[in-house]
Amino acid sequence: VQLQASGGGLVQAGGSLRLSCAASRRIFSINRMGWYRQAPGKQRELVAHISRGGTTNYVDSVKGRFTISRDNAKNTVYLQMNSLKPEDTAVYYCNLYYFNTGDEYWGQGTQVTVSS
């Protein structure tokens with residue numbers, strides 16, 4: 001499975017961006033899709049993930065500002081980012097994880113830069 005992420009860019013603090021990540025083929029079985037980010041000099045961290053059934057989980061720093069969603073028919077996961085802060089600046093990676101096999105896939109990353 002290949003994951004293609006898009007939607008990053010440069011935005012001022014307080015602005016919004018919407019990231020999308022499409023899988024190259026239909027995703028079967030029990031799985032979880034999510035977004036991670038990595039800022040310069042820092043480890044990659046979970047931003048949010050969503051199960052096939054719609055259960056979501058967010059890192060505390062984005063709760064109330066970011067919303068993850070998915071369209072199973074389109075094999076796509078989205079991340080709506082509102083009220084962006086300079087500390088949200090990072091490369092954002094989408095992720096697909098299969099619970100039954102432990103297989104994991106990553107997208108190529110998309111840069112999000114928030115200016116103050």
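Just a few scattered comments:
Residues are listed down the side, and each one gets a yes or a no for (1) closer than 21 Å to residue 116 by Cβ; (2) open to solvent by 50 Å² or more (accessible area, probe 1.4 Å):
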{"position": "9", "(1), (2)": "yes, no"}
{"position": "20", "(1), (2)": "no, no"}
{"position": "24", "(1), (2)": "no, yes"}
{"position": "28", "(1), (2)": "no, yes"}
{"position": "46", "(1), (2)": "no, no"}
{"position": "54", "(1), (2)": "no, no"}
{"position": "57", "(1), (2)": "no, yes"}
{"position": "63", "(1), (2)": "no, yes"}
{"position": "68", "(1), (2)": "no, no"}
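- Residue 53 vs. criteria among the small types (Gly, Ala, Ser) and at pLDDT 95 or above: no
- In the stretch 37-44, the count of residues that are under 13 Å from residue 5 (Cβ atoms), touching an Asp or Glu at 6+ places or on another chain (Cβ under 9 Å) and open to solvent by less than 50 Å² (accessible area, probe 1.4 Å) is one or more.
- Filtered residues of the stretch 25-42 (kept if within 16 Å of the chain's Cα centre (by Cα) and farther than 21 Å from residue 84 by Cβ): 31, 32, 33
- Among (1) part of a strand (DSSP E or B); (2) over 15 Å from residue 104 (Cβ atoms); (3) open to solvent by 30 Å² or more (accessible area, probe 1.4 Å); (4) charged (D, E, K, R) - the single one residue 32 does not satisfy: (2)
The values are calculated or read from the model by the stated rules, or taken from the named source; none is laboratory data. From a predicted model like this one, the values you see are computed outputs, not experimental measurements. In this analysis, Cβ positions are derived from the backbone assuming ideal geometry, glycine residues included, and neighbour counts consider all displayed protein chains. Note: accessible area is taken over every heavy atom of the protein model, side chains too, but ligands, DNA and RNA are not part of it. Shrake-Rupley method; radii C 1.70, N 1.55, O 1.52, S 1.80 Å.
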